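Here the structure comes first, spelled out in structure tokens, and everything after it is commentary.
The values are calculated or read from the model by the stated rules, or taken from the named source; none is laboratory data. Model, not experiment: these values are computed from the prediction. Cβ placement follows ideal geometry from the backbone for every residue including glycine, while neighbour counts extend to all protein chains displayed. Heads up: the accessible areas ignore ligands, DNA and RNA and are worked out on the full protein's heavy atoms, side chains in. Shrake-Rupley method; radii C 1.70, N 1.55, O 1.52, S 1.80 Å.
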Amino acid sequence: MTLSSHLTDEQRAVLFDKATEPPFTGEHLYTSDAGEYTCANCGNKLSDSHTKYDAGCGWPSFDQAIKDAVNYTEDTSHGM
């Protein structure tokens, strides 16, 4: 994937270095507007707003992604 020059340092870390933004700080956590969520790097659609829900974890949660838009990787770090 090509790295876009318009990304912030935090966006680069999240998208390419498996970082996370601090919980309860993201701009989309409390958003309830209808629409689509897209990749900050390439602009591809990832999820629709109707699949978003409040999991209480501090990050936006979705119960389904656009078909073939997201690669899922099991996280076994930190004892998970």
**OP:** Could you please find all residues in the stretch 19-34 being without any contact (Cβ under 8 Å) to a residue 24 or more places away in the chain and closer than 13 Å to Phe62 by Cβ?
**Re:** none
**OP:** Report, by residue number, each residue of the stretch 30-64 that is farther than 21 Å from Asp17 by Cβ and assigned to a loop (DSSP other than H, G, I, E, B).
**Re:** Tyr30, Thr31, Ser32, Asp33, Ala34, Gly35, Asp54, Ala55, Gly56, Asp63, Gln64
Subject >> Unmet requirement for Tyr72, which otherwise passes all of (1) assigned to a loop (DSSP other than H, G, I, E, B); (2) open to solvent by 100 Å² or more (accessible area, probe 1.4 Å); (3) at pLDDT 90 or above >> reply: (3)
Subject >> Members of the stretch 25-45 found to be under 21 Å from Ala13 (Cα atoms), touching a strand residue (DSSP E or B) at 6+ places or on another chain (Cβ under 6 Å) and loosely packed, with under 14 Cβ neighbours inside 10 Å, listed by number >> reply: Lys45
